[in-house]
Amino acid sequence: MPPIVIHGRNITQPPKCEMRDGDVVGVWYIDFDEPGCKPYWDSMKDMGCMPSNPGFRRYESKLIGIAKGESWERMCNTAPATFGVKHFDRPTSCDNRGIFGMFGIWEVPDSGWWCR
């Protein structure tokens, strides 16, 4: 059987085959790059300059789409974000706000005079 391509990856064979109405059917379980399975950040909110950390601006966003049984902290600390033209592999820190959800916090350098 030739490999199939799923989300840009070559999959050489299915982990399972089944008989359906007299046909042999390959079954693949996709546990990578599924948009519906990935958490994502809600809109980014600019919280302004950080008086406690001059030269930095604080942004925050709520993490959406955490599957039941997943660790909020682990998902938050590994979820990338892009806002403006800047990409971040993970937030600076995470804030678990209980029933309000998990929030990522980014402390971003701001060289403008207003954040000094």
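In region 23-55, the qualifying residues are those that are over 19 Å from Cys76 (Cβ atoms) and of a type in the set (Phe, Trp, Tyr), and the one that is modelled with the highest pLDDT is Trp28. A search for C-beta distances below 7 Å between a residue of region 101-116 that is free of Cβ contacts under 8 Å to residues at least 40 places away in the same chain and any residue that is part of a strand (DSSP E or B) and of a type in the set (A, V, I, L, M), counting only pairs 6+ apart in sequence or on different chains, returns Gly101/Leu63. For region 29-69, a residue qualifies if it is of a type in the set (Phe, Trp, Tyr), farther than 24 Å from Ile99 by Cβ and in contact with a strand residue (DSSP E or B) (Cβ under 6 Å, 6 or more places away or on another chain), and exactly one does: Phe56.
For region 1-25, filtering for residues that are outside any loop (DSSP other than H, G, I, E, B), open to solvent by less than 100 Å² (accessible area, probe 1.4 Å) and touching an Asp or Glu at 6+ places or on another chain (Cβ under 9 Å) leaves 2.
Take the residues in region 26-61 that are aliphatic (A, V, I, L, M) and closer than 30 Å to Asp110 by Cβ; name whichever of them is least open to solvent (accessible area, probe 1.4 Å).
From region 26-61, those aliphatic (A, V, I, L, M) are 27, 30, 44, 47, 50; that's our starting set.
Filter once more, keeping what is closer than 30 Å to Asp110 by Cβ: 44, 47, 50.
Details: Met44: 55, Met47: 82, Met50: 21 Å².
The qualifying residue least open to solvent (accessible area, probe 1.4 Å) is Met50.
Among all positions in region 67-81, there is no residue which is within 20 Å of Cys115 (Cβ to Cβ) and loosely packed, with under 15 Cβ neighbours inside 10 Å.
The values are calculated or read from the model by the stated rules, or taken from the named source; none is laboratory data. All values reported here derive from a predicted model rather than from experimental measurement. Using ideal geometry, Cβ is built from the backbone for each residue, glycine included, and neighbour counts are taken over all protein chains shown. Ligands, DNA and RNA are stripped out before the accessible areas are found, and what is left, the full protein with its side chains, is counted by its heavy atoms. Shrake-Rupley method; radii C 1.70, N 1.55, O 1.52, S 1.80 Å.
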